[in-house]
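Trainee: Below you'll find the structure I mean.
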Amino acid sequence: MSRAKNNNVKSPLAGFKNRLGLVVCLLGLYGAGLTARLVYLQVVQHEQLLAEAEKQYVEKIEINTGRGKIYDRNHNPLATNVDVESVYLNPKEVTDKKQALRQLTHSLDLSPETVQRKLDSRRHFVWLKRKIALTEAARLKDKGIPGVGFIRESRRFYPKRALAASTLGFVGLDNQGLEGVEHYFDDLLKGSTRKTYVERDARGRPLLDAEEGVLAPSPSHDLELTLDETIQFHTETVLTRQIEQYNARGGVAIVMEPRSGDILSMATYPPFNPNRYSAASPEAWRNPAVSHAYEPGSIFKPIVAAAAVEEGTASPQDIFFCENGEFRIGKATIGEAANHRFGWLSLSKIIAHSSNIGAIKVAQTLGDRRFFDYIKRFGFGTRSGVSLPGESSGMLRSVENWSGLSLASISFGHEISVTPLQMVTAMAAIANGGELVKPRLARGVWKDGKQVTHYPPQVVRRVISPTTSRKMIGMLKEVVRKGTGKKAAVKGFEVAGKTGTAQKIDPETHHYSSDNYIASFIGFVPAESPRLVILVMIDEPRDKYWGGEVAAPVFSEIARETLRYLNVPPQGERVFVLDRA
């Protein structure tokens, strides 16, 4: 009997074909996935993977270079750059660490602990010492120490050393401006960044001669200041001599052109060398001409006098009874300096003899609100906007917060704090006919030897009329002719100005000190057609502390030499011009 055929049984060949199709399908899917992955890596992630790969054999170092120069008004360099070398190390390449420690410690003037720490580093690149002199680098190169390499950099250099240091400021290791003009104009001066690549072999060893520099176009500009290096030098010399003679704590002297607001010199003490700024204290880095506010004392009295004359509440000839040396306001008793008893004085003589009680009587004719408004108009209580960082606005409380004694105290320069720059700017307004001018330190910007930006003088506002200005000049001349400022006189020129001797607050008792004073003189010359406004402030002089004794002679010497340098002829002297045609 025959068997029936089973159609449901698959042949071996059919099963093999099915398995083969499945494998082919899987291989196709794997190939497609691999292709997609390759496309993703080669196209989408190409840049990222390339950068990661480069990290395995390239060390990238950014070097700042090409910082813009700083010049005075006559284009004499005050800040420039010099080429230097920086030393780096690959510790893995050092063959004799004991010998390297000895040589590097001696050659680079580093502590053994510092060098040893770098030799023990597991990195392939560590800085040994940045920005050393080329001669120092040359001596080290001659030693041929394995693992030591060199990169050329630029270092900021101040050719005049401490001259105008607190105004110029300085830069850090990576050429970033840290203080002064260098900080304020850092974006303008900062220069370019050079990317240096140090390649490594398969074992991570640097190929020291494979350095490549990529220098972007330099965005830096040069800066021209209003300073005059000759006037600056003389101002600093005279100020320093007087401070050291009187064993004073410090001081400031500013020379300004009253019509343009140009700062010709800004001297501060103590000095420091910005080429080695780390050797000085951070306190010495700051510029007290703009950052330190103090009670001005009697040099503030011209402000109340100018306000009263402008408002018509007093004239130079008006007489005020200055009591007999003491004046009571509420429970307070205010006296004259040196126990003077003036009796009746005109406004002009109140300024000439610096009567505290007279200043109070003049302020009372104005009242709180009007006096406050004029103080603000003269620029006190607000920053001047000078091109320097860290400028203080001083301290001027709103009139609503004045006490019953505030009007009296402020009239002779107490219960208010000002910066030296605010004070010299306010006096410039009295000298120049009544206009408050913004103090100007930056004169222009240069690029490739051509001026690309000019900073013009700026008048902020009119404070007093030309008529009031002339009356004030007449009163301030009397201070030097017959009053407390006789030692500010300059032979051949009329001088107008005001002395000041301000008691300082004792930080422990919070009362006025009987030992510590600020001696000041502020004035302008020639009086009738002023070329210079000069402020001299000496902090805590010893032996003598009166402004007329300590500060006025400094004004006289600075003014005399500056007028001579600027070829300003003495008054009354005829000038002959020779016709050489």
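Trainee: Of the residues that sit in the stretch 465-508 and are within 20 Å of Phe342 (Cβ to Cβ) and of a type in the set (A, V, I, L, M, F, W, C), which one is modelled with the lowest pLDDT?
Mentor: Taking the candidates together, the pick is Ala502.
Trainee: Report whether or not Phe412 is of a type outside the set (Gly, Ala, Ser), under 20 Å from Ile505 (Cβ atoms) and in contact with a Leu (Cβ under 6 Å, 6 or more places away or on another chain). Before you say what the answer is, go through the steps one by one.
Mentor: Numbers: of a type outside the set (Gly, Ala, Ser): yes; under 20 Å from Ile505 (Cβ atoms): yes; in contact with a Leu (Cβ under 6 Å, 6 or more places away or on another chain): no.
No, not satisfied.
Trainee: Further question: Quick one: which residue in Glu199, Glu224 is at pLDDT 95 or above and assigned to a strand (DSSP E or B)?
Mentor: Glu224
Trainee: Can you say whether Ala280 is at pLDDT below 95 and either closer than 18 Å to Gln422 by Cβ or buried (at least 17 other Cβ atoms within 10 Å of the Cβ) (or both), as far as the supplied structure shows?
Mentor: On the way: at pLDDT below 95: yes; either closer than 18 Å to Gln422 by Cβ or buried (at least 17 other Cβ atoms within 10 Å of the Cβ) (or both): yes.
Here the answer is yes, as Ala280 does meet what is asked.
Trainee: If the requirement is being surrounded by fewer than 24 Cβ atoms within 10 Å (Cβ to Cβ) and farther than 18 Å from Val255 by Cβ, which of these qualifies: Pro541, Pro507?
Mentor: Details: Pro541 fails: surrounded by fewer than 24 Cβ atoms within 10 Å (Cβ to Cβ).
It is Pro507.
Trainee: Hey, can you tell me all the residues within the stretch 61-117 that are at pLDDT below 85, over 22 Å from Ile145 (Cα atoms) and not charged (D, E, K, R)?
Mentor: Hits for the stretch 61-117 are Ile63, Asn64, Thr65, Gly66.
Trainee: Considering only residues that are in contact (Cβ under 8 Å) with a residue 24 or more places away in the chain and more than 30 Å from Val460 (Cα to Cα), which ones fall in the stretch 337-360? Steps first, answer last, please.
Mentor: At the first step, the residues of the stretch 337-360 found to be in contact (Cβ under 8 Å) with a residue 24 or more places away in the chain are 337, 344-360.
Correct list: Ala337, Trp344, Leu345, Ser346, Lys349, His353, Ser355, Asn356, Ile357, Gly358.
Trainee: Which is in contact with a helix residue (DSSP H, G or I) (Cβ under 7 Å, 6 or more places away or on another chain) and small (Gly, Ala, Ser), of Gly449, Gly390?
Mentor: Working: Gly449 fails: in contact with a helix residue (DSSP H, G or I) (Cβ under 7 Å, 6 or more places away or on another chain).
Testing whether each residue is in contact with a helix residue (DSSP H, G or I) (Cβ under 7 Å, 6 or more places away or on another chain) and small (Gly, Ala, Ser) leaves just Gly390.
Trainee: Just one of Tyr517, Tyr565 is buried (at least 21 other Cβ atoms within 10 Å of the Cβ) and of a type in the set (Ser, Thr, Tyr); which is it?
Mentor: On the way: Tyr565 fails: buried (at least 21 other Cβ atoms within 10 Å of the Cβ).
None of the other options fit; the residue is Tyr517.
Trainee: Considering the stretch 441-464 alone, what residues qualify as being within 30 Å of Ala308 (Cβ to Cβ) and part of a strand (DSSP E or B)? Steps first, please.
Mentor: We begin by selecting, within the stretch 441-464, every residue within 30 Å of Ala308 (Cβ to Cβ); these are 457-464.
Val459, Val460, Arg461, Arg462, listed by residue number.
Trainee: Would you mind telling me which numbered condition in (1) surrounded by 15 or more Cβ atoms within 10 Å (Cβ to Cβ); (2) at pLDDT below 90 Gly169 fails?
Mentor: Failed condition: (2).
Trainee: Across the stretch 435-462, which residue is farthest from Ser384 (Cα to Cα) among those that are charged (D, E, K, R) and touching a His at 6+ places or on another chain (Cβ under 8 Å)?
Mentor: If we filter the stretch 435-462 for residues that are charged (D, E, K, R), which is where we start, we get 435, 438, 440, 443, 447-448, 450, 461-462.
This time we only want the ones that are touching a His at 6+ places or on another chain (Cβ under 8 Å), so: 443, 447.
On the way: Arg443: 16, Lys447: 28 Å.
Once the filter is applied, the top-ranked residue is Lys447.
Trainee: Looking at Ala488 and the list (1) touching a His at 6+ places or on another chain (Cβ under 8 Å); (2) surrounded by 20 or more Cβ atoms within 10 Å (Cβ to Cβ), which single condition is not satisfied?
Mentor: Unmet for Ala488, out of (1) touching a His at 6+ places or on another chain (Cβ under 8 Å); (2) surrounded by 20 or more Cβ atoms within 10 Å (Cβ to Cβ): (1).
Trainee: Would you point out which residue out of Lys482, Lys504, Lys486 is touching an Asp or Glu at 6+ places or on another chain (Cβ under 9 Å) and among the basic types (Lys, Arg)?
Mentor: The conditions single out Lys504.
Trainee: Now for a different question. Would you please list the contacts, defined by Cβ atoms under 7 Å and residues six or more apart or on different chains, that run from a residue in the stretch 526-549 that is farther than 24 Å from Gly434 by Cα to a residue that is part of a helix (DSSP H, G or I) and modelled with pLDDT under 95?
Mentor: none
The values are calculated or read from the model by the stated rules, or taken from the named source; none is laboratory data. Quantities reported herein were computed from a predicted structural model and do not represent experimental measurements. FYI the Cβ positions are ideal-geometry reconstructions off the backbone, even for glycines, and counts take in every protein chain you see.
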